[in-house]
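The values are calculated or read from the model by the stated rules, or taken from the named source; none is laboratory data. No experiment lies behind these values; they were computed from the predicted model shown. Every residue, glycine as well, gets a Cβ built from its backbone with ideal geometry; the counts of neighbours run over all protein chains shown. Ligands, DNA and RNA are stripped out before the accessible areas are found, and what is left, the full protein with its side chains, is counted by its heavy atoms. Shrake-Rupley method; radii C 1.70, N 1.55, O 1.52, S 1.80 Å.
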Amino acid sequence: MTIDAGGNLFDGDMPQPYNSIRPNTFGTSVEYTFTPTLGLGLELYYIPLRAENLKNNSYFTSDLFHLTPYLALNFINLIYNDSKSKWGIWATVGFGLAHYNSKYYLNDVQTDGVPNGLAITIPVGGLIEYNISNTFAIGIKVNYRSHNKDNLEGGTSKLLPPYTYNGVTNDFVSVGTFILRYKFGAKENNHVRNMSMDA
């Protein structure tokens, strides 16, 4: 099980400056590790969004939630069968559901919005993890989360350019978090996540 905390960067029609990134993203995951190289998990993320366009004094906010089953693959144990390293380099890919409530503001007045929006999301990412003990690990996780919708900004095709919101280029979110992992049963038994393939 993990607890994740970090920030996000919106990648859509409305820009978000890098200096506006704040520690506002939280998540948790549960994972079953079948072998030292392969795991299957389920993650839940809260990803609040905000971006703005200073040219026309508009901005949007959104409360975005992701529920995503995912696969995880450990490259170190995949390449080195007898690795005794406390490090893990994992790749992850998922396929799940996004739920969001978005509001679009013009001159500080809400002029549009998407209540209870739903989208398919596909997160692809990586995780660098260090086992500080048999039971606990810490790490850094980065992923790029795509959506099959182009309206996370809370707008519709009726809005003036430059925002189309018509699905030509769908919305994406980059997420970076620090994680703390707890490995159940690792005190009493040799946990699979601490083993090598030859163990």
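Miscellaneous remarks
- Solvent-accessible area of the range 4-129 (1.4 angstrom probe, protein heavy atoms only): carbon and sulfur portion equals 65 percent.
- Pairwise centroid distance, computed over Cα atoms, of the range 95-146 with the range 9-61, Å: 3 Å
- Relative contact order of the range 1-150, taken over Cα pairs closer than 8 Å and 6 or more residues apart, is 16 percent.
- Tensor-based shape of the range 1-146 (alpha-carbon gyration tensor, a/c under 1.5 rounded, otherwise prolate or oblate): prolate
- Across LYS103/LYS183; LYS84/LYS141; LYS86/LYS149; LYS55/LYS149, pairs whose alpha-carbon gap is larger than 30 Å: LYS103/LYS183; LYS86/LYS149
- Under-5 Å amide H pairs with LEU38, H placed in peptide plane, nonlocal only: ASN74
- Loop-located trypsin sites (Lys or Arg not before Pro) in the range 15-108 whose Cβ has at most 11 other Cβ within 10 Å (DSSP): LYS55, LYS84
- Virtual spin-label span in nm between LEU118 and LEU78, 7 Å along Cα→Cβ: 3.3 nm
- Peptide ranges 116-128, 16-28, 61-73 listed from the most packed, as the mean C-beta count within 10 angstrom indicates: 61-73, 116-128, 16-28
- For the pair VAL109 and SER174, a Förster radius of 30 Å applied to the C-beta separation gives a FRET efficiency near 0.55, rounded to the nearest 0.05.
- For PHE60, net neighbour charge (Lys/Arg +1, Asp/Glu -1) across residues whose Cβ lies under 10 Å away: -2
- Cα gyration tensor shape for the range 88-155, rounded if a/c is under 1.5, else prolate or oblate: prolate
- Using the Cβ-Cβ distance between ALA91 and ASN56 with R0 set to 30 Å, the FRET efficiency from 1/(1 + (r/R0)^6) comes to roughly 0.15.
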